[in-house]
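What follows is calculated from the coordinates using simple rules that are stated; it is not laboratory data. Please read these numbers as outputs of a predicted model, since none were measured by experiment. No Cβ is skipped: glycine too gets one built from the backbone with ideal geometry, and neighbour counts run over all protein chains shown.
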Amino acid sequence: MEIAGLLYEGRMDGENATQARLPRAHDEVAAQVDTLARFAQDQYNDMVALLASLATKLQAAGSSYVTVDKGVQGRMDSILDCGTFVPPEKR
C-alpha cells in the first residue's frame, strides 16, 4: 500500500495537465498531453488494484495489516486469477 501511495504522489499534476490544454497550448501538444494523462491514470488505477490484491496475499501482513471480508477477497482473487496484461501499444 505504501508503493501505491508513492505512485499516487508521482502522478501527473493536474495543474500541468490543465496548462497544456487549448488555448494555452498548441492543439497537437494538448492532444498528446491528454493521451498521456489518460494513459497514466489508467496505469495508476491498474497498479493500485494489483498492489491491493497482492497485499491481501502476504502471509506476514495477512492477519494484522490487511484484512478483508470474503466478498472483497473473492474480487481481489479474481483480479489476480483472471487479469491479463495488455501491452500499451495494443490498447
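Some notes on this structure:
- Residues that are within 16 Å of GLU9 (Cα to Cα) and loosely packed, with under 13 Cβ neighbours inside 10 Å, drawn from region 22-61: ASP42, ASN45
- Subset of region 7-43 (residues that are part of a helix (DSSP H, G or I) and under 22 Å from GLY83 (Cβ atoms)): LEU7, TYR8, ARG38, PHE39, ALA40, GLN41, ASP42, GLN43
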